[in-house]
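Okay, so here's the structure we're looking at.
Nothing in this text is a laboratory measurement; each read-out follows from the coordinates by a stated rule. What you see is a predicted model, and the numbers here were worked out from it, not measured in a lab. Methodologically, a virtual Cβ is constructed for each residue, glycine included, from the backbone with ideal geometry; neighbour enumeration extends over all protein chains shown.
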Amino acid sequence: MSGRFSLDGRVAIVTGGGTGIGRGAALVLAQHGADLVLAGRRPEPLQATAKEIEALGRRALAVPTDVTLPERCQRLVDLTLAELGRVDILVNSAGGARTQSLMKWTEAEWQQVLALNLGSVWFLSRAAAKPMLEQGRGSIVNISSGASLLAMPQAAPYGAAKAGVNNLTGSMAAAWTRKGVRVNAIAVGAVRAATLLEDAERYGLDPESIGNTNASGRLGEPEEIGYGVLFFASDASSFCSGQTLYVHGGPGPAGV
């Protein structure tokens with residue numbers, strides 16, 4: 001594949017790569033030439049996605065790990081370098097949280113949500129940036145959420161963590177872009193992923209009705225977010241860094 005969207009010869013790490021947005025992004029990157037390292041807690045979805053990527057003719061490495069732990073983040077980068085020789089792209093897609101009222105959150109739940117959605121971005125981005133900075137080239141794509149831009153009491157810890165991701169994106173871009181490493185984020189709206197479907201079932205909602213709140217009138221599909229990841233990961237966005245792109249199906253009746 002040629003052109004500015006080509007990822008031939010590049011290696012991407014995708015967290016949360018076995019399901020949902022992570023899986024969708026990994027498949028799109030593989031379709032455009034990248035080799036993949038898939039990280040997540042459950043080995044079975046990672047291995048299934050790896051087989052799909054290998055069927056596309058690309059290399060894929062499934063690495064069960066916990067990206068909330070800094071030593072595991074460093075080990076993931078070290079393993080990528082040992083097995084595939086380089087790190088060109090990092091997609092921080094691991095994340096999620098349940099929804100409940102403000103006063104029901106325990107301290108442990110608060111800490112866990114911040115560790116998964118914000119801490120993982122901090123630790124893994126710094127670990128992956130080291131080899132990127134050494135080679136003078138790289139792209140980090142953080143998966144944020146529309147919850148970072150809106151007041152959503154039922155998802156307050158999650159929204160706060162994702163707002164932190166938006167800010168870290170800008171700070172890392174300011175530090176690293178001149179050295180060849182671009183950092184951008186995608187704030188996603190309602191996407192057909194496990195966390196949304198589980199929440200819909202918990203509250204007795206039709207998942208499709210959630211999509212009616214945006215202008216498109218439907219849920220987003222993981223691969224649609226994957227093409228946004230492709231833009232930021234590839235040379236197509238070579239003049240773009242420190243940005244948070246809101247991909248949410250268009251503003252609904254309330255204008256958000």
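Data table
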| quantity | calculated |
| --- | --- |
| Percent of Cα-Cα distances greater than 34 Å, calculated over the chain | 12 percent |
| Computed magnitude of the charge dipole of the chain (debye, nearest 20; Cβ of K, R +1, Cβ of D, E -1) | 620 debye |
| Of T80, T49, T106, the one that fluctuates the most in a GNM where the chain has Cα springs shorter than 10 Å | T106 |
| Helix-only [θ]222 nm of the chain, DSSP H runs n ≥ 4, -39500 (n - 2.57) each, per residue, nearest 500 | -13500 deg cm²/dmol |
| Per-pair calculated FRET efficiency, R0 = 22 Å: D235 and E83 via Cβ, rounded to 0.05 | 0.35 |
| Two-decimal Rg/Rh across the range 116-165, once Rg and the Kirkwood Rh are taken from alpha-carbon atoms | 1.12 |
| Ascending count of other beta-carbon atoms within 10 Å, so fewest first, for V14, V141 | V141, V14 |
| Longest segment of the chain lacking chymotrypsin sites (Phe, Trp or Tyr not before Pro) that sit in a DSSP loop with at most 14 other Cβ atoms within 10 Å | 1-202 |
